[in-house]
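What follows is one structure encoded as structure tokens, with my remarks underneath.
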Amino acid sequence: MVKLKLERQRKGFNRLAAIYDYLLLIPPGRGFIKSQEALIPLLPQKKSCLIIGGGTGTFLRSLIISGKVTQIVYLDISEKMLSQASAKIKDLHQNCTVEFRRGSFDKVAEEEKFDLIITNFFLDLFSREEVKTWISFIHEKLSDEGLFYYTDLQISKGKTLKTFIKNMYIKVLYFFFRNATAISGKTLIDLRTEILQSGFNVIHEKGYLKALFYSAIFIKRS
Ligand SMILES: C[S@@+](CC[C@H](N)C(=O)[O-])C[C@H]1O[C@@H](n2cnc3c(N)ncnc32)[C@H](O)[C@@H]1O
């Protein structure tokens, strides 16, 4: 059952890979990139890093150029996303190794630990139960003092027209992604609260485009 679901998601994201970067040209699409890159300068130097659901590799390129990490495992369910990411970093000569892995959490070995784990616009794909599983997986896979770098959409509270438009935009995105890729998330949950309640403290955070996008660096509570 889980395998079947992952296979449908793989096919969906494979279809999307060819147009994904072009979709981000439609406003406020650049916000997806700017928000996830915003906190890179605040990252301390780390050795090993796991990027989950990294997509077409725009963030990967910026992270490598920043020189903040030396070993990256780049995990994505879609081979088409992986091949785009690989192509995007071909011309870089930084001192950083990247291992591309096609699959999901089962592709991370039991004994592996990372100093930094990154999810950008990834946790929003899942139902609340699945999100809890992913966050505890991230907690378990982080070394002591490990950091969790996170960016995602954020629901706004309030009754202004701007809030209404932002929340409508999120609904449209869910409609699109559910149809295009068979994701299981039906609606955006309060991911920041889920993370804080699952053994993390926030050390840096930043809203982008009136907090439609939210980025944070969390540290694991031991
Ligand atoms: C919405 S895209 C975000 C891509 C990128 N992080 C960004 O911000 O542009 C979600 C990514 O997660 C990948 N993905 C979806 N389900 C996955 C899973 N179970 N395990 C690993 N990757 C997954 C998709 O293939 C896709 O590349």
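Looking at (1) more than 9 Å from the ligand (Cβ to nearest atom); (2) part of a helix (DSSP H, G or I); (3) more than 19 Å from residue 63 (Cα to Cα), can you tell me which one residue 26 breaks? Unmet condition: (2). The single condition among (1) among the polar types (S, T, N, Q); (2) more than 14 Å from the ligand (Cβ to nearest atom); (3) within 13 Å of the chain's Cα centre (by Cα) that residue 119 does not meet is (2).
Is there a residue in the stretch 189-201 that is within 16 Å of the ligand (Cβ to nearest atom) and either modelled with pLDDT under 95 or surrounded by fewer than 18 Cβ atoms within 10 Å (Cβ to Cβ) (or both)?
Pass one, the stretch 189-201, residues within 16 Å of the ligand (Cβ to nearest atom): 189, 191.
With the extra rule that they be either modelled with pLDDT under 95 or surrounded by fewer than 18 Cβ atoms within 10 Å (Cβ to Cβ) (or both), the set shrinks to 189.
Yes, the conditions are met somewhere in the stretch 189-201.
Could you tell me whether residue 159 is outside any strand (DSSP E or B), at negative phi, over 16 Å from the mean Cα position of the chain (by Cα) and away from the ligand (no atom under 16 Å from the Cβ)? If you could, list the steps in order and put the result at the bottom.
Working: outside any strand (DSSP E or B): yes; at negative phi: yes; over 16 Å from the mean Cα position of the chain (by Cα): yes; away from the ligand (no atom under 16 Å from the Cβ): yes.
Criteria met by residue 159.
Taking the condition more than 15 Å from the chain's Cα centre (by Cα) and on the phi > 0 side of the Ramachandran plot, does residue 209 pass? Yes; evaluated as a whole, the condition is true for this residue.
Do we have residue 174 as modelled with pLDDT of 90 or more, among the aromatic types (Phe, Trp, Tyr) and touching a Gly at 6+ places or on another chain (Cβ under 9 Å) here? Steps first, please.
Values: modelled with pLDDT of 90 or more: yes; among the aromatic types (Phe, Trp, Tyr): yes; touching a Gly at 6+ places or on another chain (Cβ under 9 Å): yes.
So residue 174 fits the description; yes.
This table checks each residue for (1) among the β-branched types (Val, Ile, Thr); (2) in contact with a helix residue (DSSP H, G or I) (Cβ under 8 Å, 6 or more places away or on another chain); (3) more than 9 Å from the ligand (Cβ to nearest atom); (4) on the phi < 0 side of the Ramachandran plot.
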| residue | (1), (2), (3), (4) |
| --- | --- |
| 42 | no, no, yes, yes |
| 49 | no, yes, yes, yes |
| 62 | no, yes, yes, yes |
| 74 | no, yes, yes, yes |
| 88 | no, yes, yes, yes |
| 91 | no, no, yes, yes |
| 109 | no, no, yes, yes |
| 113 | no, yes, yes, yes |
| 126 | no, yes, no, yes |
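Only one of 174, 150 is within 14 Å of residue 51 (Cβ to Cβ) and either within 12 Å of the ligand (Cβ to nearest atom) or aliphatic (A, V, I, L, M) (or both); which? Reasoning before the result, please.
Working: 174 fails: within 14 Å of residue 51 (Cβ to Cβ).
Step by step, each of 174, 150 is checked, and only 150 is within 14 Å of residue 51 (Cβ to Cβ) and either within 12 Å of the ligand (Cβ to nearest atom) or aliphatic (A, V, I, L, M) (or both).
Could you go through the stretch 44-58 and let me know if any residue there is hydrophobic (A, V, I, L, M, F, W, C), in contact (Cβ under 8 Å) with a residue 60 or more places away in the chain and farther than 20 Å from residue 183 by Cβ.
Looking for residues that are hydrophobic (A, V, I, L, M, F, W, C), in contact (Cβ under 8 Å) with a residue 60 or more places away in the chain and farther than 20 Å from residue 183 by Cβ, one finds at least one in the stretch 44-58, hence yes.
List pairs: first in the stretch 78-105 and under 14 Å from residue 63 (Cα atoms) and touching a residue at least 24 places away in the same chain (Cβ under 8 Å), second near the ligand (Cβ under 9 Å from one of its atoms) and hydroxyl-bearing (Ser, Thr, Tyr), Cβ under 8 Å, 6+ apart or cross-chain? Listed pairs, sorted by first residue: 85/56; 88/56; 88/58.
The values are calculated or read from the model by the stated rules, or taken from the named source; none is laboratory data. Given the structure is predicted, the values throughout are model-derived calculations rather than measurements. All Cβ positions, even for glycine, are placed from backbone atoms using ideal geometry, and neighbour counts span all protein chains on display.
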